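Notes follow once the structure below has been shown.
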Amino acid sequence: MELPKVIMELPKVESMGNNQFLIKGENYTAFQSYDSIIAIHTAEGTYLDEFDWDYSKTTGKFRNMFLGESKKETERKIRDGKYKLTNLN
């Protein structure tokens, strides 16, 4: 029996530790800290939550791992418009 397409497209969730999660969908990869989506990579670009992207030291540590860069690099990319701030929650 073949699964319905919607089930086949469900995201895969991996724990990064400390209530931090990597979510891999068909067209995106997201980082979630506790109940908040912090960042999403898509083919169109990278989006950060405008309220929670820099919520705490722990969130920052895992955000840096997800983005593969330091907070200073992230701040520069936000200023330069490479990363877009938006409400992800």
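Structural remarks
- Qualifying residue in segment 17-28 (condition: out of contact with any Pro (no Cβ under 6 Å at 6 or more places or on another chain) and under 15 Å from residue 83 (Cβ atoms)): yes
- Close pairs from segment 71-83: first at pLDDT 95 or above, partner aliphatic (A, V, I, L, M) and not in a loop (DSSP other than H, G, I, E, B), Cβ under 8 Å, at least 6 apart: 73/67; 74/48; 74/67; 78/48; 78/85; 83/48
- Residue match in segment 16-31 (condition: crowded, with 17+ Cβ neighbours inside 10 Å, free of Cβ contacts under 8 Å to residues at least 40 places away in the same chain, among the hydroxyl-bearing types (Ser, Thr, Tyr) and out of contact with any helix residue (DSSP H, G or I) (no Cβ under 7 Å at 6 or more places or on another chain)): no
- Condition met for residue 42 (touching a strand residue (DSSP E or B) at 6+ places or on another chain (Cβ under 9 Å), surrounded by 14 or more Cβ atoms within 10 Å (Cβ to Cβ) and without any contact (Cβ under 8 Å) to a residue 40 or more places away in the chain): no
- Those residues of segment 55-81 which are surrounded by 13 or more Cβ atoms within 10 Å (Cβ to Cβ) and of a type outside the set (D, E, K, R), in sequence order: 55, 58, 59, 60, 62, 64, 65, 66, 67, 74, 78
The values are calculated or read from the model by the stated rules, or taken from the named source; none is laboratory data. These figures come from a predicted structure and were not determined experimentally. Here Cβ is always computed from backbone atoms with ideal geometry, including for glycine, and neighbour counts include all displayed protein chains.
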